[in-house]
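Engineer: What follows is a single structure, and I will ask about it in a moment.
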Amino acid sequence: MLLMTASYLATAGDPAGSNGKQICGDEASYMVRKLDSQEKVDFCETYRDKVVLVVNTASRCGYTYQYEGLETLYFEYRRRGLVVVGFPSNDFGNQEPGKEKSINRFCRLTYGLQFPMHGKTRVRGEDAKPLYRSLADAAGQSLRWNFHKYLSDREGRPAGSYGSNVEPRSGTLIEAIERLL
């Protein structure tokens, strides 16, 4: 937890994030597919002018219960400009092996999720999708497990990187979100 807190403090003092890099700027474009759909959207355009919390998720992880806290965050802060965006991934411990249809059904029926979920995504290593490579680069921290959270401000600048052990309703995360809203 100390490592995650130190990472958060390093980015919180610099509104442009690590090295002044932006996730979404004038020329950034990341096409992402909606969960269990062929429809693609431009991530930066879709979430422009929003505070964005990007989370890699998994249905069979010890942190899966965090879906509930993420949905609560989304519900409580969406009118003020927060959007929680989930990306199911099977990159850690084979904890999201299912097809997108079953992932979607699980998320909606078990947790009543309303926040946007996108297609199953590679989030680490050489095969990581460009969005996740940019998130890790801009935040200065790669994710290490499921339910890692990247927070960005309304201009697409990194504002924090939080490991799996940082709960969605933790004071650390709530304070960071409140500052950006």
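The values are calculated or read from the model by the stated rules, or taken from the named source; none is laboratory data. Since the structure is predicted, the reported quantities are computational estimates derived from the model, not experimental observations. Here the Cβ is made from the backbone with ideal geometry for all residues, glycine too, and neighbour counts use every protein chain on show.
Engineer: Can you tell me which residues in the stretch 136-181 are small (Gly, Ala, Ser), under 18 Å from ARG80 (Cβ atoms) and assigned to a strand (DSSP E or B)?
Structural biologist: SER152, ALA159, GLY160 - these are the residues of the stretch 136-181 that are small (Gly, Ala, Ser), under 18 Å from ARG80 (Cβ atoms) and assigned to a strand (DSSP E or B).
Engineer: Here's a follow-up. In the stretch 84-99, what residues are out of contact with any strand residue (DSSP E or B) (no Cβ under 7 Å at 6 or more places or on another chain) and surrounded by 18 or more Cβ atoms within 10 Å (Cβ to Cβ)?
Structural biologist: ASN90, ASP91, PHE92, GLN95
Engineer: So, one more: When residues of the stretch 30-44 are filtered for being free of Cβ contacts under 8 Å to residues at least 60 places away in the same chain, surrounded by 15 or more Cβ atoms within 10 Å (Cβ to Cβ) and assigned to a loop (DSSP other than H, G, I, E, B), how many remain?
Structural biologist: 0
Engineer: Could you say which residue among TYR74, TYR67 is surrounded by 15 or more Cβ atoms within 10 Å (Cβ to Cβ), touching a helix residue (DSSP H, G or I) at 6+ places or on another chain (Cβ under 7 Å) and part of a helix (DSSP H, G or I)?
Structural biologist: The unique qualifying residue is TYR67.
Engineer: Looking at (1) within 21 Å of THR64 (Cα to Cα); (2) out of contact with any Asp or Glu (no Cβ under 6 Å at 6 or more places or on another chain); (3) part of a loop (DSSP other than H, G, I, E, B), which one does ALA128 not meet, given that it meets all the others?
Structural biologist: Among (1) within 21 Å of THR64 (Cα to Cα); (2) out of contact with any Asp or Glu (no Cβ under 6 Å at 6 or more places or on another chain); (3) part of a loop (DSSP other than H, G, I, E, B), the lone unmet condition for ALA128 is (1).
Engineer: Of the residues that make up the stretch 45-56, is at least one assigned to a loop (DSSP other than H, G, I, E, B), more than 10 Å from VAL85 (Cβ to Cβ) and in contact with a helix residue (DSSP H, G or I) (Cβ under 8 Å, 6 or more places away or on another chain)?
Structural biologist: no
Engineer: Between a residue in the stretch 59-79 that is on the phi < 0 side of the Ramachandran plot and any residue that is in a loop (DSSP other than H, G, I, E, B) and aliphatic (A, V, I, L, M), which pairs come within a Cβ distance under 7 Å, given they are 6 or more apart or on different chains?
Structural biologist: THR64/ALA58; TYR67/LEU113; GLU71/LEU113; TYR77/LEU181
Engineer: Moving on to the next point. Yes or no: the stretch 78-94 includes at least one residue that is at pLDDT 95 or above, part of a helix (DSSP H, G or I) and in contact with a Phe, Trp or Tyr (Cβ under 7 Å, 6 or more places away or on another chain).
Structural biologist: no
Engineer: Condition test on SER29, is it farther than 17 Å from SER161 by Cβ, at pLDDT below 85 and under 17 Å from the mean Cα position of the chain (by Cα)?
Structural biologist: yes
Engineer: Additional query: Since ARG154 meets every condition but one in (1) buried (at least 16 other Cβ atoms within 10 Å of the Cβ); (2) more than 15 Å from PHE43 (Cα to Cα); (3) over 14 Å from the mean Cα position of the chain (by Cα), which condition does it not meet?
Structural biologist: (2)
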